[in-house]
Amino acid sequence: MNNNQDILQLTDERWQAITRNDKSYDEVFIYAVKSTGICCRPSCKSRDPKKENVRIFNDVNEAIAEGFRPCKRCKPGGIHLPDEEWVTQIKVYINTDYYKPLSLEILADVCHGSPYHLHRTFKRIARLTPVEYIQQVRISNAMKELKTSDKSIAEIGFSVGFPNTPYFITLFKNRTGQTPKQYQKKQMEAKIDGEKQ
Ligand SMILES: [Zn+2]
């Protein structure tokens, strides 16, 4: 039954069911979102996905076979996503979208759970809060940038998700013991020394 002819299209009817969170379609199909890797029931109250990212499946097992993970909130097919996998899902999102504005609310929205529950679960499993994790990812990306680019500190801060430069400098110093400028200078010197040898 599930051969290639059965690839389901995102018809207007299905799209409406998704945007209206129409419960009567829950047993009819499920949808997956390519940008988040999560699959949901039509009735899921999560934020409406972008239309071009949506894929339609007959049931949750088909979506899982394609690498999607069931949503933590609406539990398609009654499948509970283990907390560990949920936290991995959240981390993957942060690792790729760290430079965008991120808050607990945004994460909860994208990763399908309440902010409170997301914060607690993340902290229990990752042993740091989502916000601390976001900062860690941003700082390590800033370190990479500082090593390789001669952009200004403000530009680098901005490009990794710190539009507020003084805040970026303070946080960087707290984490690494040196300011971004000091770190950049040291890296450049090390690079020059390396080239001399
Ligand atoms: Zn959902």
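Taken together, the values in this text are just the output of simple stated rules run on the coordinates, not laboratory data. Keep in mind it's a predicted model, so treat the numbers as computed, not measured. Note: ideal-geometry Cβ built from the backbone for every residue, glycine included; neighbour counts use all protein chains shown.
Applying the selection to the range 60-97, what residues are charged (D, E, K, R), under 27 Å from Ile7 (Cβ atoms) and either buried (at least 17 other Cβ atoms within 10 Å of the Cβ) or in contact with a Cys (Cβ under 7 Å, 6 or more places away or on another chain) (or both)? Please lay out each step first, then the result.
So the first thing to find is which residues in the range 60-97 are charged (D, E, K, R), and the list is 62, 66, 69, 72-73, 75, 83-85, 91, 97.
In the following step, the residues that additionally are under 27 Å from Ile7 (Cβ atoms) were identified as 62, 66, 69, 72-73, 75, 85.
Residues satisfying the conditions are Glu62, Arg69, Lys72, Arg73.
Within the set of pairs 6 or more residues apart or between chains, which connect a residue that is aliphatic (A, V, I, L, M) inside the range 41-59 to a residue that is more than 14 Å from the ligand (Cβ to nearest atom) and assigned to a loop (DSSP other than H, G, I, E, B) with Cβ atoms less than 8 Å apart?
Val54/Leu10; Val54/Lys34; Ile56/Gln9; Ile56/Leu10
Might you check whether a residue that is in contact (Cβ under 8 Å) with a residue 40 or more places away in the chain, out of contact with any Phe, Trp or Tyr (no Cβ under 9 Å at 6 or more places or on another chain) and of a type outside the set (A, V, I, L, M, F, W, C) occurs anywhere in the range 12-22?
Step one: list which residues in the range 12-22 are in contact (Cβ under 8 Å) with a residue 40 or more places away in the chain, which gives 14.
Filter again for out of contact with any Phe, Trp or Tyr (no Cβ under 9 Å at 6 or more places or on another chain), leaving none.
For the range 12-22, residues in contact (Cβ under 8 Å) with a residue 40 or more places away in the chain, out of contact with any Phe, Trp or Tyr (no Cβ under 9 Å at 6 or more places or on another chain) and of a type outside the set (A, V, I, L, M, F, W, C): absent.
Quick check: anything in the range 26-41 of a type in the set (S, T, N, Q) and closer than 16 Å to His112 by Cα?
Here is the first cut: in the range 26-41, the ones of a type in the set (S, T, N, Q) are 35-36.
After this cut, where a residue has to be closer than 16 Å to His112 by Cα as well, the list is 35-36.
Scanning the range 26-41 turns up at least one residue that is of a type in the set (S, T, N, Q) and closer than 16 Å to His112 by Cα.
Go through the range 89-105 and count every residue that is touching a residue at least 40 places away in the same chain (Cβ under 8 Å) and assigned to a helix (DSSP H, G or I). First the steps, then the outcome.
Taking the range 89-105 as the starting set, the residues that turn out to be touching a residue at least 40 places away in the same chain (Cβ under 8 Å) are 89-95, 98-102.
Checking which are assigned to a helix (DSSP H, G or I) leaves us with 89-95.
The qualifying residues number 7.
Go over the candidates Lys147, Lys151 one by one and state the one that is farther than 30 Å from Cys39 by Cα, surrounded by fewer than 16 Cβ atoms within 10 Å (Cβ to Cβ) and touching a residue at least 12 places away in the same chain (Cβ under 8 Å). Even if it seems obvious, please write down each step before you answer.
Values: Lys151 fails: touching a residue at least 12 places away in the same chain (Cβ under 8 Å).
The conditions single out Lys147.
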